[in-house]
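The block underneath contains the structure these notes are about, expressed in structure tokens.
The values are calculated or read from the model by the stated rules, or taken from the named source; none is laboratory data. Just so we're clear, the structure is a prediction, and the values are computed from it rather than from any experiment. Please note: Cβ atoms are built from the backbone with ideal geometry, for glycine as well, and neighbour counts cover all protein chains shown.
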Amino acid sequence: MLRRVRRALSLADSPIGRDLARPVAIAMFVVALLVVARDLKLLGAFDYWRGIRLAPPALAVCLFLYLARDNLDAVGIRLRPLPSLRFWLVTILALAIIFALLVVGTIVVYLALDMPITPYLPESFDYVWNAVVDAPFVEESIYRWVFVTGIAALAPRWSAVVLSGATFAYLHFLYNNPGPDNFIGGYFFAWMYLRSGSILVPIAFHALGNGTLILLNVIAYYAL
């Protein structure tokens, strides 16, 4: 059983950042650091046009594609995720069970401590769009597609998971939206990107997670 879990979690076969020449790997690493530093500085200013945030990662991905030439697998361009679709369907089920247990556990703790539960309704359609479409695409483009790819090109893959997850947690302090889900989500998304070899997987899981949280809050708002 333990061997199966280790095999499922293993990133040894991840194609991200693999088979790149040393100068190319160094260039991608530097570009990734610059893009993330720029994004964190931009968010720290709290005054920016949303569209400008996507410009640096878009340019970085174009540069990555040029540097990698025909090695699209190394930069996460893959429609069919590794190791299989069945693997990711099982992963969805496992995460759903874990998420359900966390929600139930949180509710029990709140009730035991007599703490108020304050679910919320989405403020507008723009709020839902940002949470389910805009944020997953932009954030995964920056903190997985660019950042993880750049790190994995030059350093061990698990270091990319740790750095991406920690930076993603810090990002949500800048959003003024810290929380357990945001603190651990980045680690999961980075692992998903490396394990699947496709940027589509963390984008999909990120959107699904945000959408699920909104739905649960709406249900709780009307139920409580």
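When Arg22, Arg3, Arg53 are checked against the criterion of being over 16 Å from Glu140 (Cβ atoms) and at pLDDT 85 or above, a single residue qualifies: Arg22.
With respect to the stated conditions, Tyr66 fails to be in contact (Cβ under 8 Å) with a residue 40 or more places away in the chain and either exposed (fewer than 13 other Cβ atoms within 10 Å of the Cβ) or of a type in the set (A, V, I, L, M) (or both). Candidates Arg3, Arg38: the one that is under 30 Å from Gly179 (Cα atoms) and either out of contact with any Asp or Glu (no Cβ under 9 Å at 6 or more places or on another chain) or surrounded by 15 or more Cβ atoms within 10 Å (Cβ to Cβ) (or both) is Arg38. With respect to the conditions (1) among the hydrophobic types (A, V, I, L, M, F, W, C); (2) touching a Leu at 6+ places or on another chain (Cβ under 9 Å); (3) buried (at least 22 other Cβ atoms within 10 Å of the Cβ), Leu200 lacks only one, and its number is (3). Taking Glu123 as the residue in question, decide whether it is out of contact with any Asp or Glu (no Cβ under 8 Å at 6 or more places or on another chain), closer than 21 Å to Ile219 by Cα and among the acidic types (Asp, Glu). Judged against the criteria, Glu123 is a match. Listed by first and then second residue, the pairs with beta-carbon distance under 9 Å, at least 6 apart or on different chains, first residue in region 76-97 and within 14 Å of Met192 (Cα to Cα), second acidic (Asp, Glu) and not in a helix (DSSP H, G or I), are Leu82/Asp13; Pro83/Asp13. Among the conditions (1) β-branched (Val, Ile, Thr); (2) touching a residue at least 40 places away in the same chain (Cβ under 8 Å); (3) within 24 Å of Ala27 (Cβ to Cβ), Val162 misses just one, which is (2). Within the set Gly211, Gly186, the sole residue that is modelled with pLDDT under 95, surrounded by 22 or more Cβ atoms within 10 Å (Cβ to Cβ) and within 15 Å of the chain's Cα centre (by Cα) turns out to be Gly186.
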